[in-house]
1. Within the range 18-54, how many residues turn out to be in a loop (DSSP other than H, G, I, E, B) and either modelled with pLDDT of 90 or more or over 24 Å from VAL105 (Cα atoms) (or both)?
2. Checking VAL92 against (1) modelled with pLDDT under 90; (2) β-branched (Val, Ile, Thr); (3) surrounded by 12 or more Cβ atoms within 10 Å (Cβ to Cβ): exactly one of these is not met. Which one?
3. Since GLY57 meets every condition but one in (1) at pLDDT 95 or above; (2) closer than 19 Å to GLN72 by Cβ, which condition does it not meet?
4. Yes or no: ALA33 within 14 Å of GLY19 (Cβ to Cβ), hydrophobic (A, V, I, L, M, F, W, C), in contact with a strand residue (DSSP E or B) (Cβ under 7 Å, 6 or more places away or on another chain) and touching a residue at least 12 places away in the same chain (Cβ under 8 Å)?
5. Taking ARG12 as the residue in question, decide whether it is surrounded by fewer than 15 Cβ atoms within 10 Å (Cβ to Cβ), in contact with a helix residue (DSSP H, G or I) (Cβ under 9 Å, 6 or more places away or on another chain) and either assigned to a strand (DSSP E or B) or modelled with pLDDT under 80 (or both).
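The values are calculated or read from the model by the stated rules, or taken from the named source; none is laboratory data. Everything quoted here is computed from the prediction, not taken from an experiment. All Cβ positions, even for glycine, are placed from backbone atoms using ideal geometry, and neighbour counts span all protein chains on display.
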Amino acid sequence: MDSGRRGEHRSRCRVALEGEFLIAPATTPKNEAWRGALRDLSCCGLGGMLDVYLPPGTMVRLGVAIKQERQQEVRGLVARCDPGGERYQIGVRFIDPPLYLRVTVSSLTSPPLRGPLPAHLQEILQEQVRLST
């Protein structure tokens, strides 16, 4: 997926992941879905490669599994589906993703806190504790 495309606005960090996802238009039966190759994921959507074209604006059902956990079903809206060689590069925005998925993805994209807080932040924290007691 091309980052920095004209008109592309991201409000959340995304993490590059390899794996698979299942996708089907919301109007098709549950047993009819295509496998896609996952390329990146954020708490708001995913990017990947797909063998079939799905028009932007299509409401879809997605099956996404993270860290060998059980697959989560998520509803989404196709944001883009561009030719990318023999496959299509697809971007899907989630609609009301489950809390589990949002928390898991956030934990993958959040920078880890290392070591003690810097002195100026410790002072602010201590002042806040003092004022609250």
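1. Within the range 18-54, residues that are in a loop (DSSP other than H, G, I, E, B) and either modelled with pLDDT of 90 or more or over 24 Å from VAL105 (Cα atoms) (or both) number 12.
2. If we test VAL92 against (1) modelled with pLDDT under 90; (2) β-branched (Val, Ile, Thr); (3) surrounded by 12 or more Cβ atoms within 10 Å (Cβ to Cβ), just (1) comes out false.
3. (2)
4. So ALA33 fails the test.
5. yes
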